[in-house]
Every structure is written in C-alpha cells, then in structure tokens.
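Structure record follows, encoded as structure tokens.
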Amino acid sequence: MNIIYNSEQYSVVEYGADTEHEALRFGGYEITDKSVRREWFIGGSLAIHFRKDVHDLIATEPSIEEIDDFLGQFDAYMGQSVLLH
C-alpha cells in the first residue's frame, strides 16, 4: 500500500497487484473524502481506468484544487464510512 495523494480534502492509497485476491488482481485504489469521512475502493478494471485517468491528469501538472476537483467526481460512490480503530 502506498499513499499517492494527500490533501486537506482527499487522500488516495494505491494497493499493488495481488493475483491471490481477485479484487486486487490489477491493483486497487482507496479514495477517502476527509470532510465527510467516507471512502470508496476501486479494484479490477475500474482500477485500470482510474490509473490511466490519473496519469493523464498528472501530465497536465494540475494544482491541488484541480486534483481535488477530479477526485470529487467520485463522491457519489463513497458510501463506506471511515472508522478509526
């Protein structure tokens, strides 16, 4: 697991590929919206598309606000509450 993005609003954790677990066969990403304490895990083919979209975004040298706007498009999918242990 590797934190690839961390702002006041969002964090993104990347999980490497793991052929022993179907959800991680292509790797995965956990996107957390800190303001509402919700997260979403992207695995499988969605992880592949997300990785490409992030690569394309980074190529434009975006500001933190632009990255947060990009991540904001996933807010509707974030149904899992973040729990602290």
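The values are calculated or read from the model by the stated rules, or taken from the named source; none is laboratory data. Everything numeric in this text was worked out from a predicted model, so none of it was measured. So basically every Cβ, Gly included, is an ideal-geometry build from the backbone, and we count neighbours across all protein chains shown.
Applying a threshold of 7 Å to beta carbon distances and a minimum spacing of six or more residues, or different chains, the list of pairs starting in the stretch 23-41 at a residue that is loosely packed, with under 14 Cβ neighbours inside 10 Å and ending at one that is at pLDDT 90 or above and of a type outside the set (Gly, Ala, Ser) reads Ser35/Gln9. Number of residues in the stretch 35-50 that are part of a helix (DSSP H, G or I) and not β-branched (Val, Ile, Thr) equals 6.
Quick grid of which residues meet (1) modelled with pLDDT under 90; (2) assigned to a strand (DSSP E or B):
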| position | (1), (2) |
| --- | --- |
| Val13 | no, yes |
| Asp18 | yes, no |
| Lys52 | no, no |
| Glu66 | no, no |
| Ala76 | yes, no |
| Leu84 | yes, no |
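Counting the residues of the stretch 35-50 that are among the basic types (Lys, Arg) and either on the phi < 0 side of the Ramachandran plot or modelled with pLDDT of 95 or more (or both) gives 1. Sub-7 Å Cβ pairs linking a first residue in the stretch 1-20 that is in contact (Cβ under 8 Å) with a residue 24 or more places away in the chain and surrounded by 12 or more Cβ atoms within 10 Å (Cβ to Cβ) to a second residue that is polar (S, T, N, Q) and part of a loop (DSSP other than H, G, I, E, B), at least 6 apart or interchain, are Gln9/Ser35, ordered by first then second residue.
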